[in-house]
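These notes are about the structure you will find just below.
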Amino acid sequence: MEADSAAIDIPFLVSGRKRVGFSTLTRRKHSNAQQHRKGSPQLAKHLKIWELLAVGIGATIGAGVYVLVGTVARDKAGPSLSASFLIAGVAAALSAFCYAELASRCPSAGSAYHYAYLCVGEGIAWIIGWALILEYTVGGAAVARGISPNLAIFFGGSANLPGWLSRRLIPGTSIVCDPCAFLLVAAVTCLLSTGIRESAFVQTVMTAVNCSVLLFVIVVGSWLGFRNGWPGYNLAGGYMPFGVSGLLSGAATVFFAFIGFDAVASTAEEVKHPQRDLPIGIGLSLFICGSIYIVVSAVMVGIVPYYEMDLDTPMPTAFMKNGLHWAMYAVAAGAVAALSTALLGALLPQPRILMAMSRDGLLPPLFSKVNKATSVPVYSTVVTGFAAGCMAFLLNVDELSGMVSVGTLMAFSIVAVSILILRYVPPIEPLVLSAAPTQEVPFVKKKSGIPVHLKKEEHASPILSIFSESSIPEVDDDATSLSSSSSSNDLTMEDDSALQSGMPSSSRLALDDEKEKEERRRRYAACGISGVCIGVVLLSIATSATLLPSWLCWIMGVIGTSMLLVGSAILLLIDQDEGRHQFGQSGGFHCPGVPVLPILCIMVNVYLLANLGSVTWLRVSAWLVIGVFVYSFYGIHHSSLSKDLHTIM
């Protein structure tokens, strides 16, 4: 049979044989693969919009706002602190739009790891999941270590804390243990193990306390400001004493105060109406948090000159300078509530990421076990809590806090890349099958209606394989066979050959021309997305590197800018793929401004990644190297994609 006559309206089937190579790293799973695996554990759907708001706001408004107001205002932004929060909020909204579309299309546990596995490939998904494990563990431990200093305010100082809560030095070592942090992590772990509904209720209560305290700060602070004439804005240096550079530097710092809304996406599988509630939960929680940040910062820099703000306790100090010493206790109560909600927000997503990775075979099956009574991955929750509790008890994690940002920024970046892939080169996935490699599997109709030739390859290759027939997957001849008795809708190669033999030659030529144009469009789109990603990385390194010679930075900057502009132009000029409408669940939220919005999102997050510092990257690299070994010796050989037959293109 001639190659041209073999073009038939059917998807590709992927062989179940195991091979380790580049195609293994770039293979992707079906968006509904979890639903097709019989006996796979499922989480109970209990969450509604109000619980999602509590999770999002509680995870975002941590204790950082009680400290960032002082440090950023005094050292970087001055009275323009609220403008810095506004810029940071707009930058965070870029990622929120991308998360909202993917969460509503693919409402399953795993968040950014899950989206990367669907759109980019298994290798990148593993790196994202492994980095998020580090982020949530270190982040949870860092939050827990901050509880005892705030509790000490109610006892009149750290020296008056009960012995079983106070920090103490382990004899013969330099380790300062924190039993209060360990107990807080243990309590939150027990709460998370009881069920998502109970956890969401407690999160709602604590978030309400935190928001009430911040509302108190706004109301009382505004009263002081109007009474005293807002002295913080009547300064010789004006609104931006540090200039535009200080404003933008402050925005880059406070951007991390918006991290947390992605916790909403991690609960996607437990939401009753995910397509409606997830976008609202993500967007509204970010809007509320941004509004609170902007108003609180505007009030605080107005009642006290920015250069007089205390770096450690800016809010209590500001009220004390205005004669309200009792306000210190209200602010401390808000800080304790914020720490509690932030800790719950840090420990909530990680068990679900572990569960998603275990479902996919990349981690041992123990992590995917769901308790029948509570509908919670208890084993993953306990392991997460134990690791975070031990770290909080024994280690001073302040020096590791920069590592928390790496996982989040990598996740934000890959989610934006996934949106571009979804819109321009989406996987075409009409069917998921689980079968032995030698089992007869019928071909089924393809949704897009564009015929594709059969080729030999083991797994579908995503955007990373842009030079291999526009990422179109192939099939082994000995891996599948055709069955003509499965359904009247099934098409075999003989059926299609008969159809095409009865076609007029002009129709066959038009069909071939349409197929060729689609393949060329996908190839251009893949090159455009790759050019944007590589260009942003080169440009960010060129503008941030301090150890590289200037001539090398200039070369990297020119090449990066050229690739970014050319890639963006390609994506702006070509059409988006019609197959994007069939990816995942239909309907739901659609990210606006594609491709401009995702490209801006990639630029912001990659630039922040490049500016985290060499020490942070050395520590993260060590963790990622461990992850590579775990994936190489376990995950790559136990991946469920080596067992399932996936219809992905």
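Determine whether the range 281-291 contains at least one residue that is at negative phi, surrounded by 21 or more Cβ atoms within 10 Å (Cβ to Cβ) and not in a helix (DSSP H, G or I).
No: zero hits.
Considering (1) in contact (Cβ under 8 Å) with a residue 40 or more places away in the chain; (2) hydrophobic (A, V, I, L, M, F, W, C); (3) part of a helix (DSSP H, G or I), say which one Phe589 fails and leave the rest.
Unmet for Phe589, out of (1) in contact (Cβ under 8 Å) with a residue 40 or more places away in the chain; (2) hydrophobic (A, V, I, L, M, F, W, C); (3) part of a helix (DSSP H, G or I): (3).
For the range 568-586, enumerate the residues that are in contact with a helix residue (DSSP H, G or I) (Cβ under 7 Å, 6 or more places away or on another chain), small (Gly, Ala, Ser) and in a helix (DSSP H, G or I).
Ser568
When you go through (1) touching a Ser or Thr at 6+ places or on another chain (Cβ under 7 Å); (2) more than 18 Å from Ala342 (Cα to Cα); (3) at pLDDT 90 or above one by one for Val264, which number turns out not to apply?
(2)
Got at least one residue in the range 187-195 being out of contact with any Ser or Thr (no Cβ under 8 Å at 6 or more places or on another chain), within 21 Å of Ala103 (Cβ to Cβ), part of a helix (DSSP H, G or I) and not aliphatic (A, V, I, L, M)?
No, the range 187-195 has no match at all.
Identify all residues within the range 337-361 that are part of a helix (DSSP H, G or I), of a type outside the set (Lys, Arg) and either surrounded by fewer than 21 Cβ atoms within 10 Å (Cβ to Cβ) or touching a Lys or Arg at 6+ places or on another chain (Cβ under 9 Å) (or both); write none if there are none. Can you show your working first?
From the range 337-361, those part of a helix (DSSP H, G or I) are 337-347, 349-359; that's our starting set.
Checking the rest, the ones that are also of a type outside the set (Lys, Arg) come to 337-347, 349-351, 353-358.
Within the range 337-361, Met355, Ser358 meet the criteria.
Checking Ile124 against (1) of a type outside the set (Phe, Trp, Tyr); (2) over 28 Å from Ser413 (Cβ atoms); (3) touching a helix residue (DSSP H, G or I) at 6+ places or on another chain (Cβ under 7 Å), which test does it fail?
(2)
Could you run through the range 620-645 and say how many residues are farther than 19 Å from Ser413 by Cβ and touching a helix residue (DSSP H, G or I) at 6+ places or on another chain (Cβ under 7 Å)?
Looking only at that region, the number is 6.
Tell me which residues, restricted to the range 320-331, are more than 13 Å from Leu214 (Cα to Cα), among the hydrophobic types (A, V, I, L, M, F, W, C) and either touching a residue at least 12 places away in the same chain (Cβ under 8 Å) or loosely packed, with under 14 Cβ neighbours inside 10 Å (or both).
Passing the criteria: Leu324, Trp326.
Mind checking which pairs have a first residue in the range 503-515 that is surrounded by 12 or more Cβ atoms within 10 Å (Cβ to Cβ) and among the aliphatic types (A, V, I, L, M) and a second that is modelled with pLDDT of 75 or more and in a helix (DSSP H, G or I), Cβ under 8 Å, 6 or more apart or different chains?
Met503/Leu511
Can you pull out the residues in the range 292-323 that are more than 17 Å from Pro241 (Cα to Cα), assigned to a helix (DSSP H, G or I) and hydroxyl-bearing (Ser, Thr, Tyr)?
Tyr293, Thr317
Quick check on the range 251-303: of everything there that is in contact with a Gly (Cβ under 6 Å, 6 or more places away or on another chain) and among the β-branched types (Val, Ile, Thr), which residue is nearest to Met357 (Cα to Cα)?
Residue satisfying both the conditions and the ranking: Val264.
Between a first residue in the range 632-643 that is at pLDDT 90 or above and a second residue that is in a helix (DSSP H, G or I), which pairs have beta carbons less than 7 Å apart while being 6 or more apart in sequence or on different chains?
Qualifying pairs under 7 Å: Gly635/Trp126; Ile636/Thr24; Ser639/Glu122.
To keep it simple, each residue is scored yes or no on (1) small (Gly, Ala, Ser); (2) crowded, with 24+ Cβ neighbours inside 10 Å; (3) touching a Ser or Thr at 6+ places or on another chain (Cβ under 9 Å); (4) assigned to a helix (DSSP H, G or I).
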| site | (1), (2), (3), (4) |
| --- | --- |
| Phe367 | no, no, yes, yes |
| Ala373 | yes, no, no, no |
| Tyr379 | no, no, yes, yes |
| Cys390 | no, no, no, yes |
| Val406 | no, yes, yes, yes |
| Ala411 | yes, yes, yes, yes |
| Arg423 | no, no, no, yes |
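So which residues in the range 570-586 are free of Cβ contacts under 8 Å to residues at least 40 places away in the same chain and either over 15 Å from Pro279 (Cα atoms) or in contact with a strand residue (DSSP E or B) (Cβ under 9 Å, 6 or more places away or on another chain) (or both)? Give the steps one after another, and end with the answer.
Here is the first cut: in the range 570-586, the residues free of Cβ contacts under 8 Å to residues at least 40 places away in the same chain are 572-573, 581, 586.
Answer for the range 570-586, where residues must be free of Cβ contacts under 8 Å to residues at least 40 places away in the same chain and either over 15 Å from Pro279 (Cα atoms) or in contact with a strand residue (DSSP E or B) (Cβ under 9 Å, 6 or more places away or on another chain) (or both): Leu572, Leu573, His581.
Would the range 597-618 turn up any residue that is crowded, with 16+ Cβ neighbours inside 10 Å, at positive phi, over 18 Å from the mean Cα position of the chain (by Cα) and not in a helix (DSSP H, G or I)?
Looking through the range 597-618, none of the residues is crowded, with 16+ Cβ neighbours inside 10 Å, at positive phi, over 18 Å from the mean Cα position of the chain (by Cα) and not in a helix (DSSP H, G or I).
For the range 214-231, indicate whether the set of residues that are in contact (Cβ under 8 Å) with a residue 60 or more places away in the chain, outside any helix (DSSP H, G or I) and over 30 Å from Ser108 (Cα atoms) is non-empty.
yes
Somewhere in the range 201-208, is a residue outside any helix (DSSP H, G or I) and closer than 21 Å to Lys48 by Cβ?
No, the conditions are met nowhere in the range 201-208.
A quick yes/no check of all residues on (1) over 16 Å from the mean Cα position of the chain (by Cα); (2) over 17 Å from Gly627 (Cα atoms); (3) not charged (D, E, K, R):
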| site | (1), (2), (3) |
| --- | --- |
| Ala103 | no, yes, yes |
| Ala116 | no, no, yes |
| Ala125 | no, no, yes |
| Gly129 | no, no, yes |
| Ala141 | yes, yes, yes |
| Arg145 | yes, yes, no |
| Gly157 | yes, yes, yes |
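If we keep just the residues of the range 540-568 that are touching a residue at least 40 places away in the same chain (Cβ under 8 Å) and surrounded by 13 or more Cβ atoms within 10 Å (Cβ to Cβ), which is nearest to Glu101 (Cα to Cα)? Talk me through it step by step, then tell me what you get.
Initial filter on the range 540-568 (touching a residue at least 40 places away in the same chain (Cβ under 8 Å)): 540-541, 543-545, 547, 567-568.
Next, only the ones that are surrounded by 13 or more Cβ atoms within 10 Å (Cβ to Cβ) stay: 540-541, 543-545, 567-568.
Numbers: Ser540: 27, Ile541: 29, Thr543: 31, Ser544: 31, Ala545: 34, Gly567: 23, Ser568: 21 Å.
Among them, the one singled out is Ser568.
Considering only residues that are in contact (Cβ under 8 Å) with a residue 24 or more places away in the chain and loosely packed, with under 12 Cβ neighbours inside 10 Å, which ones fall in the range 154-203?
Scanning the range 154-203 gives no hits.
The values are calculated or read from the model by the stated rules, or taken from the named source; none is laboratory data. In this text the structure is predicted, and so the values were computed from the model without any measurement. Neighbour counts run over all protein chains shown; Cβ positions are idealised from the backbone, glycine included.
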